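The values are calculated or read from the model by the stated rules, or taken from the named source; none is laboratory data. Here the structure is a predicted model, which means the values were calculated and not measured. Virtual Cβ from ideal backbone geometry, glycine too; neighbours counted across all protein chains shown. Please note that ligands, DNA and RNA were not included when accessible areas were found on the heavy atoms of the full protein model with its side chains. Shrake-Rupley method; radii C 1.70, N 1.55, O 1.52, S 1.80 Å.
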Amino acid sequence: MKAEEALNRVNTCSAPSQLRITDIRFTDIVGAPFHSTLVKVFTNQDLVGLGEVRDLSSRTYAAMLKGRLLGEDPCHVDRIFRRIKQFGGHGRQGGGVSGIEVALWDLAGKAYGVPIYQMLGGRFRDRVRLYCDTDAARRPDGRSMGQALRERLAQGYTFLKMDTGAWQLLGRPGMLSAPLGLLEQFRQGPPAPQGSVDEKWAAFERRNRRYDLQNVPHPFTGMHFTEAGLDWLDAYVAEVRAEIGDEVPLAVDHLGHVAVEDAIRLARRLEKYHLAWLEDPVPWQYTDQYVRLQQSTAVPICTGEDMYLKESFRPLLERGGVSVIHPDVLTAGGILETKKIGDLAQEHGVAMAIHMAESPVACLAAAHVATATENVLALEFHAAGVSWWDDIVVGHDKPLVRDGHVAVSDRPGLGIDDFSDEVLREHLHPAHKELWAPTEQWDSEWAHDRTWS
């Protein structure tokens, strides 16, 4: 083979050992299906890594890392992650570290010309099954929810999830027991700031009080299902099963802020519907309660979307508190950490599903993990009704989702070229009206970030 022909087969667009991070910028969009912060990590060789902060989070969690990353070789993903992981946390706090980690893997793949899944050890499957999540809004009964899920089946999805829990009972007399006035507080939406200064401060105070209310741990709310409430939820799931049949896997989410005893009562009622899992019934930190719940019902118990780093999953797995773990790549710590979490679960005989409610970037990041991890059941998809979701990114075959599955390509990195600025401009978040605005204010953000002395 001639030298020229050989060079045509080699990626010469980068010299990985000299690759350096030069800038990090953001664009925020809404409706895909929620608020998403999209990330670009720029380099000195014109390679750009794509990432994303966890849905409904804040770009600040990622922007604060910029001064700690400039000048670094992005291909050293694990070393960089070990430096910045101290700045992540559970829930949306993990979104900055995790989103940056995804962009670093995208850069490493582009620099070396290989897909991310190959750098994780190769394929266990050619395509990843999606489970389609459908919320309960505007679906007041089980029949209407079942009809919505039946539409998902017609679209090719083979695994489903729906909302079932206390929030559906809030406006139904006699179905919930709680301290008087509490249910009314949960029903009230957050107020918008008004014109005067006093009105704005009052609105902010009410918003903060609502935030506090929603963060009261389940055992401390005093909210319980009545028998009438349990009857209604039982009938609701029965109507759904009557619409979609018994064969399709059906998971249940959003049980509500009720005590573990109520989760046990409901789980036992729902055993006859052979659910795929009951998701996040109590806060993930309460390992003993998960063990008690799992040992009290035949329904598989699942949690994990708000958990950061594999160390958080270890107690639940070692104690047998879950049948399914459910990390979100954009909270758990990114691509490699989620892969490690899946492998840890497999050692304990536990399956992994992956939470995902963001753009195609997050979807593909999770799909690469799922492709390279053996014990994966399914990957969440929450954007079946978003017609422009595919168009957020360019450089991949459309549609990205086919017959209820997503496949990662052999293209480098995540397998996509860039974001479509034209599409992003049509869906900008009202608080962030500029695409990829400069972020020099974060260039010198630095502290003596030693974790011990």
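By average Cβ neighbour count within 10 Å, what is the ranking of 445-453, 284-292, 94-102, 58-66 from highest down? Working shown, then result.
Numbers: 445-453: 7.6, 284-292: 18.1, 94-102: 30.6, 58-66: 20.8.
Result, highest mean Cβ count within 10 Å first: 94-102, 58-66, 284-292, 445-453.
For the chain, with every protein chain kept in place, what is the accessible area per residue (1.4 Å probe, Å²)? Each step should come with its number before you reach the end.
Working: 19560 Å² over 453 residues.
Solvent-accessible surface per residue comes out at 43 Å².
How high is the relative contact order of the chain? Use alpha-carbon pairs under 8 Å, at least six apart in sequence, and give a whole percent. Spell out each step's value before the answer.
Working: 938 pairs, mean separation 96.3, N = 453.
Reported relative contact order: 21 percent.
Gain in length, L213 to S196, computed as 0.36 nm per residue apart minus the alpha-carbon separation, to one decimal in nm? List each step's numbers first, then the result.
Values: separation 17, 0.36 × 17 = 6.12 nm, distance 2.57 nm.
Here the answer is 3.5 nm.
What aspartates and glutamates could a cross-link reach from K339, if we take a straight Cα to Cα line under 15 Å and drop same-chain neighbours fewer than 8 places away?
The qualifying aspartates and glutamates are D78, E101, E305, E311, D328, E347, E374.
List the lysines whose alpha-carbon lies under 20 Å from that of K340, not counting same-chain residues fewer than 8 positions away?
Partners found: K85, K310.
For Cα pairs less than 8 Å apart in space and 6+ apart in sequence, what is the mean separation divided by the residue count of segment 136-280, i.e. the relative contact order in percent? Walk me through the numbers on the way to the answer.
On the way: 180 pairs, mean separation 52.0, N = 145.
Worked out over segment 136-280, it gives 36 percent.
Carbon and sulfur: what percent of the chain's accessible surface (1.4 Å probe)? Numbers along the way, then the final one.
On the way: 9700 of 19560 Å².
Solvent-exposed carbon and sulfur of the chain make up 50 percent of the total.
Where both partners of a DSSP beta bridge lie in the chain, what percent of those bridges are antiparallel, to the nearest 5? Don't jump to the answer; show the numbers that get you there.
Details: 23 of 44 bridges.
Around 50 percent antiparallel, to the nearest 5.
Apply the a/c threshold of 1.5 to the C-alpha gyration tensor of segment 46-203 and tell me whether it is rounded, prolate or oblate. Before the final figure, lay out the partial values.
Details: a/c = 3.01, a/b = 1.42, b/c = 2.12.
Cα axes put segment 46-203 in the oblate bin.
Determine, for each peptide in 244-255, 32-43, 199-210, the mean count of other beta carbons within 10 angstrom over its residues, then list the peptides with the highest first.
On the way: 244-255: 17.8, 32-43: 22.7, 199-210: 13.0.
Ranking the peptides 244-255, 32-43, 199-210 by packing returns 32-43, 244-255, 199-210.
For helix 197-214, report the angle its Cα long axis makes with the longest principal axis of the Cα atoms of the chain; keep it between 0 and 90° and round to the nearest 10°.
The angle comes out near 80 degrees.
Between 0 and 90 degrees, rounded to the nearest ten: what's the tilt of helix 360-371 against the longest Cα principal axis of the chain?
Result, in degrees: 90.
What is the helix-to-structure angle for 95-112, meaning the angle in degrees between its Cα long axis and the longest Cα principal axis of the chain, kept from 0 to 90 and rounded to the nearest 10?
Between helix and principal axis, roughly 40 degrees.
Quickly estimate the mean residue ellipticity at 222 nm for the chain, helices only: each DSSP H run with n ≥ 4 gives -39500 (n - 2.57), and the total goes over all residues, rounded to 500. If you can, show how the numbers build up before the last one.
Values: 16 runs with 158 residues, N = 453.
Value at 222 nm, helices only, nearest 500: -10000 deg cm²/dmol.
Taking just the alpha carbons, could you work out the radius of gyration and Dmax for segment 44-117, both in angstroms?
12.0, 34
Under the classification rounded if a/c is under 1.5, otherwise prolate if a/b is larger than b/c and oblate if not, where does segment 132-209 fall, given a ≥ b ≥ c as square roots of the Cα gyration tensor eigenvalues? Don't skip to the answer; put the middle values down first.
Details: a/c = 3.80, a/b = 1.85, b/c = 2.05.
Note, shape of segment 132-209 comes out oblate.
Quick check: residue separation of H224 and H90 times 0.36 nm, minus the Cα distance between them. What number comes out in nm? Please report the intermediate quantities before stating the final value.
Values: separation 134, 0.36 × 134 = 48.24 nm, distance 2.66 nm.
Contour length minus Cα-Cα distance gives 45.6 nm.
May I ask you to list the lysines whose Cα is less than 19 Å away from that of K272, ignoring any residue fewer than eight positions away on the same chain?
K272 reaches K161.
State the extension gain, in nm to one decimal, for the chain segment bounded by R402 and D141, taking 0.36 nm per residue of separation less the distance between their alpha-carbons.
Gain on stretching R402 to D141: 91.0 nm.
Taking the simple approach of a point 7 Å from Cα along Cα-to-Cβ for both T439 and E347, what is their distance in nm?
Taking the simple label geometry, T439 and E347 are separated by 3.4 nm.
What percent do you get for the relative contact order of segment 339-423 when only Cα pairs under 8 Å and 6+ apart count? Please list the in-between numbers first.
On the way: 105 pairs, mean separation 24.1, N = 85.
Relative CO of segment 339-423 lands at 28 percent.
Between L180 and D449, how high is the FRET efficiency from 1/(1 + (r/R0)^6) when r is the Cβ-Cβ distance and R₀ = 60 Å? Nearest 0.05. Intermediate values should be presented prior to the final figure.
Working: r = 48 Å, r/R0 = 0.80.
The value I calculate is 0.80.
With every protein chain left in place, what is the accessible area of K339 in Å² (1.4 Å probe, nearest 10)?
Rounded to the nearest 10, the figure is 30 Å².
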